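Just so you know, all these numbers are worked out from the coordinates, no wet-lab data involved. Bear in mind the structure is a predicted one, so any value in this text is a computation, not a measurement. All Cβ positions, even for glycine, are placed from backbone atoms using ideal geometry, and neighbour counts span all protein chains on display.
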Amino acid sequence: MTDAVTQSTDSLSYFKQPQEVRTFNFDTQQSKQLHTFSDEIAIIGGPQATGARTKASLAATELKFSLSKDQCELLNAYSDGLISLLIFEGLQKITDASPPDELPDLPLLENRYDVLCMAARNQILLKLVDNRAFAYDMDNEGQLVRLVANFKGGGLKKINAEPEIKELSSHSGLALGPHTEAPYWCAIDAKDGHSPAPSSLILSALWNPGLEPTSVIPLPPVLEKIGVTNCLALTTGGFQFTRSDSFVSGKGEDGRNVSILEFNDKVGFAARFNSYRFSANEGTSNFVKSAYAALCQGVAETTPYEYTLTQESAIIINNVRALHCRDVIKDNRRVLVRIFGLSKFSSPLVISEDPLLLRG
Ligand SMILES: [Fe+2]
C-alpha cells in the first residue's frame, strides 16, 4: 500500500507544471559562435538553400558543447514540449543599417544578407530545441522564411498603394487576435492527408523602431480556469475554421469537424485555435457551444505576456501550448523574421527533405 502511494506521488511530480515563460541567456562567446554559424548559412543562401539544414544541425551540435548544465536543461524542457514561450537573449546585433521609411518590395527584402543571416540564426536556434525548420506546400509560397511586416496595408498609418481590402495575415498591418498558426487539421500526427500544425514558430526583429511587442498567451492556466468538462468538450470534433489568407492562391481550404484540444501521450495536450477563424459547428451540442464560449472568454480575460523583439533577441512560441497575438502595426518599418519548427514528436507528410517541405 505504502509503495503504491509513493509510486503515484512520484508519477504525479512528473506532470508538475514548469514555468510557462523562460529565458535563455547566451554569453558573449556563445553568441559570437552562433553568429559565425549563421553567417555560414547566409552565405549559401539562407535556410531555403539545399545544405542549410545539415549546417544548422551541425551548428547546434557544436554550440551545445559550450552550454552549461542549466542552459541544456532549459533547452531540453522546451524540446520536451513543457514550456509555452522560450526567449533567447544576448544575441549579437546583425546589422547597423536603419530601416527605410517605406519598405521595399518583399523579394528585395527577403534576399538581403542581414535577413538571410537572421533567418539562419533562427534555424539554428530551432535546432537547439530539436525543431526542424520547414514550410508547407500551400502556405507562404512554399518558403521557409516569412517576413512579418505591413506589406498589404491595415496598419495605423497607410502604406503606399494601401489596398481597399486588407488581408488578415502577418503580411498586413492589422491587429491579429489570439491564435495558433494554421493549418488546423491536427496538432501532432498527420491526419486525412494533412500534416500537423507547426510545433513552434520562431521570431526575431530586423527592425522594430516603435518597440512594438509580440503577445503570448500560455494555455495551461486558461484550461485550468475553464475546467475539465469544458476541456473535454473541446476535444470533440465540434468546430470549424475559415481558410487562412497566407495560403497560396487556390490552395488550402476551410475546415469542419475539427477539435480544439487533443490528448497526446508525449506532450500531454495539444491545441489549435484561432479567435478570428474558428467557431462551433452549427449542429453541435449546447455543451460544446458553451465550452467554446468559456474558452473564448478565458482567453479574452487573460493578460498576455508581452515581449518586445530586437535584433539581439528571439522568441520560440510553442504553437500547440500557447496562443499569440498582436496590436495594429503603428510603425510600418517594423520587420520580423519568422520560421516554423517541427518538433521531435510530430509526424508530418514529407514532400521533400532539403529544404523540408510538408503537405499542408
Ligand atoms: Fe501568427
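Once R0 is set to 51 Å, what does the formula 1/(1 + (r/R0)^6) return for the Cβ-Cβ distance between GLN19 and LYS158, expressed as a FRET efficiency to the nearest 0.05?
Working: r = 41 Å, r/R0 = 0.81.
That gives a FRET efficiency of 0.80.
Can you tell me the alpha carbon radius of gyration of the chain divided by the globular rule-of-thumb value 2.2 N^0.38 Å? Show your work: numbers first, answer last.
Numbers: Rg = 20.2 Å, N = 360, 2.2 N^0.38 = 20.6 Å.
Its radius of gyration relative to the 2.2 N^0.38 Å reference: 0.98.
For the residues GLU73, GLU20, what sequence is obtained by ranking on other C-beta atoms within 10 Å, fewest first? Each step should come with its number before you reach the end.
Details: GLU73 10, GLU20 19.
Ascending number of Cβ neighbours within 10 Å: GLU73, GLU20.
Past 25 Å, Cα to Cα, is the threshold; run LYS93/LYS127; LYS158/LYS251; LYS191/LYS251; LYS191/LYS266; LYS166/LYS251; LYS55/LYS191 against it and keep the listed order. Don't skip to the end; give the middle numbers.
Details: LYS93/LYS127 20 Å; LYS158/LYS251 29 Å; LYS191/LYS251 18 Å; LYS191/LYS266 17 Å; LYS166/LYS251 19 Å; LYS55/LYS191 31 Å.
Over 25 Å Cα-Cα: LYS158/LYS251; LYS55/LYS191.
Per DSSP H run of n ≥ 4, the term is -39500 (n - 2.57); total these for the chain, divide by its residue number, and report the mean residue ellipticity at 222 nm rounded to 500 deg cm²/dmol. It would help to have the intermediate numbers written out before the result.
Details: 9 runs with 104 residues, N = 360.
Rounded to the nearest 500, the figure is -9000 deg cm²/dmol.
What translational D, rounded to a whole number of µm²/s, comes out for the range 311-360 from Stokes-Einstein when the hydrodynamic radius is the Kirkwood one over Cα pairs, at 20 °C and 1.002 mPa s? Intermediate results must be reported in sequence, preceding the final value.
Working: Rh = 14.2 Å.
Stokes-Einstein gives a translational diffusion coefficient of 151 µm²/s.
If packing is taken as the average count of other Cβ atoms within 10 Å, what order do 226-232, 159-165 fall into, highest mean first?
Numbers: 226-232: 15.0, 159-165: 10.3.
Result, highest mean first: 226-232, 159-165.
Kirkwood hydrodynamic radius, the range 154-255, all distinct C-alpha pairs: what's the number in Å?
Details: mean 1/r = 0.0593 Å⁻¹.
In the range 154-255 this quantity evaluates to 16.9 Å.
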